[in-house]
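Everything on this sheet refers to the single structure shown next.
The values are calculated or read from the model by the stated rules, or taken from the named source; none is laboratory data. The structure presented is a predicted model; accordingly, all values stated were derived computationally and were not measured. So basically every Cβ, Gly included, is an ideal-geometry build from the backbone, and we count neighbours across all protein chains shown. Note: accessible area is taken over every heavy atom of the protein model, side chains too, but ligands, DNA and RNA are not part of it. Shrake-Rupley method; radii C 1.70, N 1.55, O 1.52, S 1.80 Å.
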Amino acid sequence: MIAIIDYGMGNLFSIYNGLKRVYDRPMLITVDNITDIASAEGVIVPGVGAFDDCIRNLKPFSEALIEVVGSDVPVLWICIGMQILFDASEEGNEKGWGLIPGDVVRLPANVRVPHMGWNNLHLQRHSELLDGITDADYFYFVHSYYCVPSDDDNTVATVEYGVELAAVVSKDNVYGVQFHPEKSSKKGLHVLSNFVGVCK
Amino acid sequence: MLAKRIIPCLDCDFGVPGGRVVKGIEFKQIRYAGIPWDLAAEYDEQGADELVFLDITASHERRETMAHVIEKTASNVFMPLTVGGGIHRLEDARRAFNAGADKVSVNTAALKNSKLVNDIARRFGSQACMVAIDAKRRYVRSEDAAREIIETKEGKCWFECSFYGGRKFTGVDALKWAIEVEERGAGEIMLTSMDRDGTKDGFDLELTSAICDRVNIPVIASGGCGLPEHIKDVFKFTDASAALAASIFHYKEYTIREVKQYLKANGIHVR
């Protein structure tokens, strides 16, 4: 089973249906069935919204999620989910989870904000999450802040929008994608399918 | 590099069982175009970047139909979906998001109660809050300090916001309104030229540029698209982030793939 954390941040309908296309046992996890997370072979933390809301709404899940991260089960953090992996964000006052060292900052003033639409990746290093994906593949982004990992080794792929910013990060069993795989048509489902592969 | 987006718009009549796609000519005459989720799947296959569903017959009973159409589409098509028409309250927005929509578009309700823009942006995020502006040229002879006057090829004019699907006018200056909705938290503007809508004469480039110059959020140009060349022009001569069209795709005059090939050949960056 792959668990999708339902913490009131974003479009669960799409991530659930998207995952279902490539995997037969997705399960929504709320505070009511949180103990089921122990049997998950992978976990997805979706996300749309603001940094502080995300941190606060995830609080009831934090203990269980930290345990999952510590147990080597792969966890995929999407969009704002990826941003809270870092230490802090210019968007909010809450402390980030600090699972990947670095900060989250506002997009530069010379581009329209949010960064909204389809953009292509620049692969920086190998990761199973992006198997079969090339620099010519486009993904759907929508965000106003971006992650700046302090260790370049954690950056799997970047994307150009005013600056060259982190699009995909990973560290051990923690994976973050700034784009929305569940909104990125066939290539997005391909990435979800890769994540399923990582989980098995 | 961020690609320019091509967005087919599905003008939906949710007053019939299951809903159907129609296309208005200058916001009045209506023609039948197809089943919403079938068209959505076809557009996905052709490489559409997003879809906009506009409920042109919005009323209370029909909201269930809208939710059904979005659910059916979102379970099969994995790209951003916007719902417009009939979003009057936060509750309407919530219903659309629960059905699988990623953004809602507000026009009439926002012009009547501008705080709705703040409320949607605060609750669901700016990225989910699109404001539709339907603007019509009002030519003037002399300067008017209360209006943002633009010099166009046809003469000096300001742009008036309309609402109720183009049936009523507000007196509100569209250029000022665009700035205000950005301040209130809108994440995107869908800008329709009432002068061009349904004419197939091309986008109103002067209107589109005037709005793009005044806001820092993405602007979707709409109204008047009849040829791939029109889309090329709106990207070449304005800073629009996306182009929206309905009839040229619905009636299969051009496929989205053909349009994108044409744009690529003409140096426009598309997916």
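In this label model, B:ASP213 and B:ASN266 are separated by 2.3 nm, measuring between points 7 Å along each Cα→Cβ vector. Gyration tensor analysis over the Cα atoms of the protein assembly as shown returns equivalent ellipsoid semi-axes of 37, 23, 21 Å (largest first, whole Å). The three principal axes of the C-alpha atoms in region B:5-265 carry coordinate ranges of 52, 43, 32 Å, sorted with the longest axis first. The residues of the protein assembly as shown expose, per residue, 38 Å² of accessible area to a 1.4 Å probe. Label zone (B:LYS115, point 7 Å along Cα-to-C-beta; backbone nitrogen cut-off 15 Å) within region B:74-94: B:89-91.
Extension gain, B:GLU258-B:ILE150: 0.36 nm per intervening residue step, less the Cα-Cα distance, totals 35.4 nm. In plain terms, the bigger the Kirkwood radius, the slower the diffusion; for chain A, with that radius from Cα pairs, at 4 °C and 1.567 mPa s, Stokes-Einstein puts D at 79 µm²/s. Computed over neighbours whose Cβ is under 10 Å from that of B:THR82, the net charge equals -2, Lys and Arg +1, Asp and Glu -1.
For the Cα trace of region B:27-178, dividing Rg by the Kirkwood Rh returns an Rg/Rh value of 1.03.
Solvent-accessible area lost on pairing B with A (1.4 Å probe, both sides summed) amounts to about 2700 Å².
With a Förster radius of 51 Å applied to the C-beta separation of A:LYS171 and B:ILE35, the computed FRET efficiency comes to 0.65. The relative contact order of chain B comes to 18 percent, based on Cα pairs under 8 Å that sit 6 or more residues apart. Between A:HIS122 and A:ASP52, the modelled labels are 3.4 nm apart [label points 7 Å from Cα along Cα→Cβ].
With a ≥ b ≥ c the root eigenvalues of the C-alpha gyration tensor of region B:146-213, is it rounded (a/c under 1.5), prolate (a/b larger than b/c) or oblate? Since a/c stays below 1.5, the shape of region B:146-213 is classed as rounded.
Near B:THR108, once Lys and Arg are set to +1 and Asp and Glu to -1 for all other residues with Cβ below 11 Å from its Cβ, the sum equals +2. What translational diffusion coefficient, to the nearest whole µm²/s, does region B:201-271 have by Stokes-Einstein, given a Kirkwood radius computed over alpha-carbon pairs, a temperature of 20 °C and 1.002 mPa s viscosity? For the chosen part, D equals 175 µm²/s.
Under 5 Å between amide hydrogens, built in the peptide plane, is the criterion, and for A:PHE179 it picks out A:CYS79 among residues at least 5 positions away or on other chains. For region B:99-172, the list of GluC sites (Glu not before Pro) that fall in a loop by DSSP and count at most 12 other C-beta atoms within 10 angstrom reads B:GLU143, B:GLU154. Of the accessible area of region B:222-271, computed with a 1.4 Å probe over protein heavy atoms only, carbon and sulfur atoms account for 47 percent.
Rounded to whole Å, give me the distance from the Cα center of region A:74-115 to that of region B:137-164. Answer, in whole Å: 42. Model label points for B:ASN76 and B:ARG167, set 7 angstrom from Cα along the Cα-to-Cβ axis, are 3.1 nm apart. Computed from the C-beta positions of B:VAL140 and B:ASP201 and an R0 of 22 Å, the FRET efficiency is 0.50 to the nearest 0.05. Selection among A:GLY8, A:GLY42, A:CYS199 by position relative to the dipole of chain A gives A:GLY8 as farthest towards the positive end (Cβ unit charges, Cα centre).
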